[in-house]
Amino acid sequence: MSRFGYYPGCALHGSSNDFEASVRACMKTLEVELGELNDWICCGATAAHSINHTLSLALPGRNLGIAERDGFTDLLAPCPMCSMELIKTKNALTESAALRKEISDIVETPVTGATEVINLIQIFQRVGLDRIQAAVKKPLESISAACYYGCLLTRPPRTVAFDDPDQPRSMETVLAALGAKSVEWNYATECCGAGMTLSREETVLNLTNKIITNAKAHGANCLVVACPMCHVNLDMKQGAVEQAHGVKHDMPVYYLSDLVGLALGLSERELAVNRHFVRAGVHAAPKTVA
Amino acid sequence: MARIGVFICWCGENIARTVDVKRATEEVEQIPGVRFAIDYKYMCSDPGQTMVRDKIIAERLQGLVIASCSPHMHMKTFRAAAKAAGLNPYLVEMANIREHCSWVHQNREEATAKAVELIRLAVGKVIQDKPLDAIKVPLTKRALVIGAGVAGIQASLDIAEAGHEVVLVEREPSIGGKMAGLSETFPTLDCSQCILTPRMVETGQHPNIKLYTWSEIESVDGSVGNFTVTIRKKARYIDMSKCTGCGECWNKCPMSKTLNDFDYGLSKRKAIYLAFPQAVPARPVIDKNACTKLKTGKCGICAKVCAAGAINYEDQDEIVTEQVGAIVVATGYKLYSIGQEQDNEKYTGYGEYGYGKYPDVIDALQFERLSSASGPTGGEIRRPSDGAVPKSVVFIACVGSRDPAKGVSYCSKICCMYTAKHTMLYKHKVHEGTAHVFYMDIRAGGKNYDEFVRRAIEKDGAKYYRGRVSKITEENGKLIVRAADTLAGVPVTIEADMVVLASAMLPSTGATELAQKLKVGYDEYGFLSESHPKLRPVETNSAGVFICGACHGPKDIPEAVAQASAAAGKVQVMFARNELTRDPEIAKINEQNCAACYACVRTCPYNAIEKAEIRDRQGNLVKMTARVNPGLCMGCGTCVAVCPSKSADIDGFSESQIYEMIKNL
Amino acid sequence: MEVTPVGADKFAGTSIENCYQCGKCTAGCPLADQMDVTPNQLFRLVQLGEVEKAARCGAIWLCVSCFTCTGRCPQSVECVEIIDALREYAAEHDCAPPDLQRIILFQKAFLDNIRRNGRINELELIRDFKTKGFLQDLSLPLLMKDALLAPKLMQRGKFHLTSEKAKDRELVGRIFARCTGTHAEGATS
């Protein structure tokens, strides 16, 4: 049994609680113990780094301080926005003793930036794809996924230093271990515009429509994401996309942990897949969408 | 008391601005052993040198200290002056009060004090200098040229025409290099092969040129005038003396799946193949990784059809050695790899351009083949994926160049010109097509160059946009190119049928390993370093080794050819003498004192020290010792540092001289 | 004579001086076609010391921080950090264009929400923002649209009506006070 610090972030404790259910169920089956940070706070997201630079380091800094205090060397942050903010802060702290002092004083706990922050894909890599492959009970033969990385899993590349920012392969590798196929397509790292949901809705619907259309055109029967914001945009907003563009997509959107869980034999209910807006059933009932 | 003359130079304002030369002269005159000190505005000038010569004679000097610039600059000048006045040239020392003092300090007081100190050290050293004689080295008047692209061919022919033998080594199966694969050349649009192939034939047939193709340099020993070069002749599986180049073998070979590297992967070739139709020598080679006979023992068709019996499946690599006196390096360039495969961790490729993923995204050399009459499409512009004629082509400049994040920070220099050329070649063949060019700056310095680019824009209608491309995707058979037009201040999206990437020029694979064998310096990218960027552009810091062409830095054909002739000229200057002289500041072993531990033998980077025996007159072994081969020693001093018994020393740079300098500090 | 432009310290470490105006940022930006000035033009203004002029551009509020520009910049300019610094400047100097004020309002509401709860309370946030945004620009459809989604979310158990809060909210308040110094951002409590 391996143990990781766990930073759920607001989304996973809010309207993306289906993601949290999926991650937790998966980790339990893989015998990974998640130690949720005691009294974690919001990472500040885009708002903090837009409005107040110090705050954008202090909020993640507080959480890194908690992780250090509680002895976690590795910290899972499934939301890429949170993990990017945490890594950015970690990097800044590692580089500057003055900043370590300043942030430690602000957040009232010593913080050095020693904690390793990992995303959802990395935790599967840590568990070991061989091990996951060996534990697969229901190979996902009917899945032809378009793996959608969005923005923050691989960007900014100098900060997160994860996978190739333009032609990433890490999710595809996980899917291969599950017996699932993945398609070559063009929008794996395009922005879905999640940050604009409240201000430029037509832009968001436009970007989202392009992503789903391209995935379909390349033979995907579902999208796989590792980000709660991408999921909201592609799943919850899919109805609005269809309405705005006069199309019918009916494109299921899985979290990566959903597919790992399903392959390991967990039920849709255990993984909260049944709570997605677009019915996600392609893993069970093979059909070709092309 | 020694009679030392000190000559302090102003170097115009260079030294005098920061160093109070007058005061320094007064202080230096007080140093014991200094007969006099004198200052002058330009000591290296003719009146300056005359003064040095006159003073040597008038004051019967036993040594000189010239306090001026770096000895790299003028040591030769002043040694010659000393010699002319009858003083042994190795009794001259220089105190570098320019680079080491005036150029790097602001404070006049401190700089003056430092200049006096530097001169004091040099005086300490020169007092202990002993007269030395230059070492004479015999000279092998035969040159090695490495690489047979256009630069190597030019250098070889020049040297051969001057009457000297040339050993020309090329690692590919044919000579010709990159230029042999180009279509037409800027700024005249003359056909590349038409101008190169006659030179290739001339090279292949020249009585003074010994050609080794499909061969690589294993090692280089010796030094200027007398290099021993070991060459690996790779197994070709063809008996070159029997083969007639008739073509039966490659016509009948059933294996046709290997990507043709002469067409940069745009076509396939046989397992036994001729590099290209105009190859010199016009002899095939067997690709051992593709040949069924060599891999499994089955097949053997080529041997059956060869009437000359020239196929030899048992062929092995062969090692040969050649003696030469000078070496010209002309190893050329390769393109930066745009895809994900990289041989250097500094480079990341451009995942965003989809090279390797989308077949119709190609690089500039591939486009050369597409537009070449000898290329895979016979010179018709047809895109690789489906052979369709592209109606819209996007050309992207600066891919890998001027990009410190993913590629190299330098400008590759030729891309602006060949991109303009590509748009012309395209428009001349596909009249209704549109050529779009994305560039950052147009760098077209050169005779008739800017006019050429303007012609592409004004006459041939190429659309130029100032801005980089961010991403290329594929939708419905079109390449979607997302870019910016920074002059209009808008993002631009173009639906293209084909994209051509002007990839950066890098030194060819293995250039740095070769440079290490030749002890030639190279920069962070692996381009070989010239000895002086203005005054010694084709020399290197390794005596007798010259460079030309793109191994030195990005350059176009005219420049590479000019430089090749320059390098050949330097070789001829060297070969105009009958022997070489070398500075005698080399190591010497006190053989009586040597404990024969051979630490020096093991550490000498030039293999210049050997084990030797000292015998008495009856031939009885008295003792073992280390002994320096003066022909090989470069005077680096490593042996002095490692010798535990202090038996090694350097003439003209002895340990006691260095102690004296330190004492004088 | 060197004049240090107002707010120049905000750009330390962004390598803004490296920008050579190639436009790759603009080329890859998902929102560039909707911006009043393109990203490379913004960076040019900053390079020239025209910080206020840049901070008045609507473009900085359209940026979704997708980091495509940063990731592909050949000169390793920290593009998003420059835009962040401009947004920070605009928020401090109140110089965002009127039609984009609500984005600042949303972000201020977002931070205010964290300050009060330690974590984001989505319902409260939407309520806060919609009320303010509604009053600001009378965007009734905006108010209604997500309200219509709410029942669907609840149906799927995606909203917690009793929201979660950090326990030590006083500490969060102190962190905010220290970071914001004298000018507490959008504090309304």
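The values are calculated or read from the model by the stated rules, or taken from the named source; none is laboratory data. All figures in this text were calculated on a predicted structure; none of them were measured in a lab. Cβ coordinates were reconstructed from backbone atoms using ideal geometry, including for glycine residues, and neighbour counts include every protein chain displayed. For accessibility, only protein heavy atoms count, side chains too; no ligands or nucleic acids. Shrake-Rupley method; radii C 1.70, N 1.55, O 1.52, S 1.80 Å.
Among all the aspartates and glutamates, which ones have a C-alpha under 13 Å from B:Lys611's C-alpha, if same-chain residues fewer than 8 places away are not counted?
B:Lys611 reaches B:Glu591.
Go ahead and set up a Gaussian network model of chain A, Cα springs under 10 Å, then flag whichever of A:Pro78, A:Pro168, A:Pro156 fluctuates most.
Highest fluctuation of the listed residues: A:Pro156.
Any idea what the alpha-carbon Rg over 2.2 N^0.38 Å comes to for region C:8-93?
Here the Cα radius of gyration is 0.94 times the empirical estimate.
Can you give the mean number of other chain Cβ atoms that lie within 10 Å of the Cβ atoms in peptide A:207-216?
1
For the pairing of chain A with chain C, what total accessible surface becomes buried, with a 1.4 angstrom probe, in square angstrom to the nearest 100?
Looking at A and C, the buried total is near 5200 Å².
How big is the B/A interface in buried accessible area, both sides summed, 1.4 Å probe, to the nearest 100 Å²?
Details: alone 30220 and 12550 Å², together 41790 Å².
Protein heavy atoms only, the B-A interface buries about 1000 Å².
State the percentage of accessible surface on region A:2-118 attributable to carbon and sulfur atoms; use a 1.4 Å probe and exclude ligands, DNA and RNA.
The C+S portion of the solvent-accessible surface of region A:2-118 is 51 percent.
With an 8 Å Cα cut-off and a minimum separation of 6 or more residues, compute the relative contact order for region B:4-134 in percent.
32 percent
Averaging sequence separations of C-alpha pairs under 8 Å and six or more residues apart, then dividing by the length of chain B, give the relative contact order as a whole percent.
Once divided by the residue count of chain B, the mean separation gives 12 percent.
Give me the 1.4 Å probe accessible area per residue for region B:336-505, excluding ligands and nucleic acids, in Å².
With all protein chains present, region B:336-505 gives 36 Å² per residue.
Taking region B:248-305, how many lysine pairs are there with alpha carbons less than 14 Å apart, if each pair must be eight or more places apart or span two chains?
Here the count comes out as 10.
Under the rule of at least 5 residues apart or a separate chain, name every residue whose amide H is placed under 5 Å from the amide H of B:Lys334.
Under 5 Å from the amide H of B:Lys334: B:Leu506, B:Ser508.
Could you work out the per residue convex hull volume over the alpha carbons of region B:341-395, in cubic angstrom?
Dividing the Cα hull volume of region B:341-395 by its residue count gives 99 Å³.
List every DSSP H helix in chain B whose Cα atoms extend 24 Å or more along the helix's own long axis and whose mean Kyte-Doolittle hydropathy is at least 0.0. Spell out each step's value before the answer.
Values: long enough: B:108-128 (31 Å, 0.21); B:557-575 (27 Å, 0.81).
Qualifying helices, which must be both long enough and hydrophobic enough, are B:108-128, B:557-575.
Quick one: Debye curve from the C-alpha atoms of region A:24-100, no solvent, what's log10 I(q)/I(0) at q = 0.12, 0.28 Å⁻¹?
-0.36, -1.41
Just from its helices, what would the mean residue ellipticity at 222 nm be for chain B, if runs of 4 or more DSSP H residues each count -39500 (n - 2.57) and the sum is divided by every residue, rounded to the nearest 500 deg cm²/dmol?
Values: 17 runs with 176 residues, N = 665.
Only helices count here, giving -8000 deg cm²/dmol.
Inside 10 Å of the C-beta atoms of B:570-579, what's the mean count of C-beta atoms belonging to other chains?
Taking all residues of B:570-579 together, the mean is 0.
Percent of alpha carbon pairs in chain B separated by more than 42 Å?
Above the 42 Å cut-off, chain B has 43 percent of its Cα pairs.
In Å, what is the Rg of the alpha-carbon atoms in region B:248-305, and how long is Dmax?
Using the Cα atoms of region B:248-305, the pair Rg, Dmax is 11.1, 31 Å.
Could you tell me whether region B:382-459 comes out rounded, prolate or oblate from its Cα gyration tensor? Rule is a ≥ b ≥ c as square roots of the eigenvalues, rounded for a/c under 1.5, then prolate if a/b exceeds b/c, otherwise oblate.
oblate
Past 32 Å, Cα to Cα, is the threshold; run A:Lys181/A:Lys237; B:Lys76/B:Lys623; B:Lys210/B:Lys406 against it and keep the listed order.
Working: A:Lys181/A:Lys237 26 Å; B:Lys76/B:Lys623 40 Å; B:Lys210/B:Lys406 42 Å.
In this structure, B:Lys76/B:Lys623; B:Lys210/B:Lys406 exceed 32 Å between Cα atoms.
Suppose we compare each residue of region B:481-513 in its chain alone and in the full protein complex with a 1.4 Å probe; which ones drop by at least 20 Å² of accessible area?
With the partner chains in place, region B:481-513 has these residues losing at least 20 Å²: B:Arg482, B:Ala484, B:Thr486, B:Gly489, B:Pro491.
Which distance in Å, rounded to a whole number, links the C-alpha centroids of region B:316-334 and region C:29-100?
Taking the Cα centre of region C:29-100 as reference, the centre of region B:316-334 is 56 Å away.
In chain B, what % of DSSP beta bridges are antiparallel (nearest 5)?
Just about 50 percent of them are antiparallel.
Packing-wise, with mean Cβ within 10 Å as the measure, how do C:48-54, B:416-422, B:269-275 rank, highest first?
Going from most to least packed, we get B:416-422, B:269-275, C:48-54.
Could you work out the mean count of beta carbons from other protein chains within 10 Å of each residue's beta carbon in A:153-166? It would help to have the intermediate numbers written out before the result.
Numbers: counts 0, 3, 9, 14, 6, 7, 4, 2, 0, 0, 0, 5, 8, 14.
Neighbouring Cβ atoms belonging to other protein chains average 5 per residue here.
Under 25 °C and 0.890 mPa s, how fast does region A:134-275 diffuse according to Stokes-Einstein, given a Kirkwood radius computed over C-alpha pairs? Answer in µm²/s, whole number.
159 µm²/s
I'd like the residues of region C:111-130 whose 1.4 Å-probe accessible area shrinks by no less than 50 Å² going from the isolated chain to the full set of protein chains.
C:Leu111, C:Arg119, C:Glu122
For region B:587-664, go through all pairs of different Cα atoms, get the mean of 1/r, take its inverse, and jot down that Kirkwood value in Å.
Values: mean 1/r = 0.0764 Å⁻¹.
Here the Kirkwood hydrodynamic radius works out to 13.1 Å.
Can you divide the C-alpha Rg of chain A by 2.2 N^0.38 Å and report the result to two decimal places? It would help to have the intermediate numbers written out before the result.
Details: Rg = 18.7 Å, N = 290, 2.2 N^0.38 = 19.0 Å.
Here the Cα radius of gyration is 0.99 times the empirical estimate.
At each listed q (0.10, 0.17, 0.20, 0.22 Å⁻¹), what is the log10 of I(q)/I(0) that the Debye formula gives for region B:4-134 modelled as equal alpha-carbon point scatterers?
Evaluating at q = 0.10, 0.17, 0.20, 0.22 Å⁻¹ gives log10 I(q)/I(0) of -0.26, -0.78, -1.09, -1.32.
Mind running the shape call on region B:519-580? Use the C-alpha gyration tensor, a ≥ b ≥ c as the square roots of the eigenvalues: rounded below 1.5 for a/c, prolate if a/b tops b/c, oblate otherwise.
In terms of gyration-tensor shape, oblate.
Can you report the principal axis dimensions of region B:405-536 using only the alpha carbons, biggest first, rounded to whole angstrom?
Cα extents, longest axis first: 53, 35, 31 Å.
Quickly estimate the mean residue ellipticity at 222 nm for chain A, helices only: each DSSP H run with n ≥ 4 gives -39500 (n - 2.57), and the total goes over all residues, rounded to 500.
Working: 15 runs with 136 residues, N = 290.
Calculated from helices alone, the mean residue ellipticity at 222 nm is -13500 deg cm²/dmol.
Which residues, if any, in region C:18-33 lose at least 40 square angstrom of accessible heavy-atom surface (probe 1.4 Å) when the other protein chains sit next to their chain rather than the chain being alone?
C:Tyr20, C:Cys22, C:Lys24, C:Ala27, C:Pro30
Shape call for the protein assembly as shown from the C-alpha gyration tensor, a ≥ b ≥ c root eigenvalues: rounded (a/c under 1.5), prolate (a/b greater than b/c) or oblate?
Working: a/c = 2.12, a/b = 1.51, b/c = 1.41.
Note, shape of the protein assembly as shown comes out prolate.
Give me the percent of DSSP beta bridges within the protein assembly as shown that run antiparallel, rounded to the nearest 5.
45 percent
Could you compute the FRET efficiency for C:Asp36 and C:Ala12, with r as their C-beta to C-beta distance and R0 at 25 Å, rounded to 0.05?
Calculated transfer efficiency: 0.40.
Residues with amide H under 5 Å of B:Ser529's amide H, sequence separation 5 or more or different chain, H placed in the peptide plane at 1.01 Å from N; which?
B:Gly521, B:Tyr522, B:Asp523
Beyond a 18 Å Cα-Cα separation, which of these cross-linked pairs lie in this structure: B:Lys427/B:Lys459; B:Lys334/C:Lys24; B:Lys130/B:Lys588?
B:Lys334/C:Lys24
For region B:336-505, with the dipole built from +1 on Lys and Arg beta-carbon atoms and -1 on Asp and Glu ones, taken about the Cα centre, which of B:Thr493, B:Val408, B:Tyr464 lies farthest toward the positive end?
B:Tyr464
Please provide three numbers in whole Å: the alpha-carbon extents of region B:336-505 along the principal axes, with the largest listed first.
For region B:336-505, the Cα extents along the three principal axes come out at 41, 38, 35 Å.
Ignoring ligands, DNA and RNA, what percent of the 1.4 Å accessible area of chain B is carbon and sulfur?
Details: 14720 of 29060 Å².
Ligands and nucleic acids excluded, carbon and sulfur reach 51 percent.
Please report, in debye to the nearest 20, how large the charge dipole of region B:401-473 is about its Cα centre when each Lys and Arg carries +1 at its beta carbon and each Asp and Glu carries -1 there.
Around 140 debye, computed over region B:401-473.
Over region A:148-290, what is the mean sequence separation of C-alpha contacts under 8 Å (at least six apart), divided by residue count, expressed as relative contact order in percent?
It comes to 23 percent, rounded to a whole number.
Rounding to the nearest 20 debye, state how big the charge dipole of the protein assembly as shown is about its Cα centre with +1 on each Lys and Arg Cβ and -1 on each Asp and Glu Cβ.
Charge dipole of the protein assembly as shown: 1700 debye, to the nearest 20.
If all Cα-Cα distances of region B:207-347 are sorted into 5 Å bins from 0 onward, what percent lands in each bin, rounded to whole numbers?
Per 5 Å bin, starting at zero, the Cα-Cα P(r) for region B:207-347 comes out as 2, 8, 15, 17, 17, 14, 12, 10, 4, 1, 0 percent.
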